[in-house]
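Read through the structure below, which is laid out as C-alpha cells, and then see the notes.
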Amino acid sequence: MRTILFSALLATLALGCDSTEPAEGTGSPCPGTGSLTATIDGVPFASTCVGGVGSSGSLVLTARESADSGSLTLLFSAAPLAAGQPFTLFNGTAQVLYAGDASDGTETASSTGGTLTVASLSSGGASGTFAFDAFVAGRTVRVTGGEFSVAF
C-alpha cells in the first residue's frame with residue numbers, strides 16, 4: 001500500500017508541480033487550485049503548488065512550497081472518508097508522507113502520529129485540517145496547525 005501511495009505522490013509531483021514556469025497567459029503548471037498551510041518545526045509553510053484527487057470516498061493531496069528549491073511534499077491518503085470525521089494518522093486508514101527535500105530520498109518519511117480531519121469533501125474539492133509528527137533523517141519533525149482547501 002505504501003508503495004502505491006508513494007508512486008502516486010511522485011507521479012503527481014512529476015506531472016503537476018514542475019519547476020518550469022508556464023508560458024505567459026497559459027496559467028499555472030500546478031494540477032489544481034487551492035492552498036495548504038502549516039507550521040513545520042516552528043517555521044510557517046505556505047504552498048505555492050497544490051493538487052488533489054478525490055473519488056469513492058478517498059482523497060490524495062500533494063503540496064510544495066517551492067518548485068525550485070528544497071520543498072515539503074505531503075500525501076494524504078485515507079479511505080473511506082466522511083466529512084467531519086477525524087482520522088488518526090499512522091493507523092493504516094490515513095497516511096501522510098513528508099519530504100523535506102523532494103529530490104533527496106533520505107528526507108522522506110511517513111507520519112509517526114497525528115490527526116487529519118476532512119471538513120468538506122465533494123467531487124469538486126476538499127478542505128480540512130491536520131497535524132502530525134514524522135521521523136526524518138534521525139530527527140522528529142513536528143507539523144502543526146495544518147489547513148488545506150483544494151479544488152479538483
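Table for the structure above
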quantity	calculated
Which listed residue is β-branched (Val, Ile, Thr), at pLDDT 80 or above and surrounded by fewer than 20 Cβ atoms within 10 Å (Cβ to Cβ), from VAL43, VAL53	VAL43
The range 117-129, residues that are over 12 Å from VAL53 (Cα atoms) and modelled with pLDDT under 85	none
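The values are calculated or read from the model by the stated rules, or taken from the named source; none is laboratory data. Since the structure is predicted, the reported quantities are computational estimates derived from the model, not experimental observations. Neighbour counts are summed over all protein chains in view; Cβ atoms, including those assigned to glycine, are modelled from backbone coordinates with ideal geometry.
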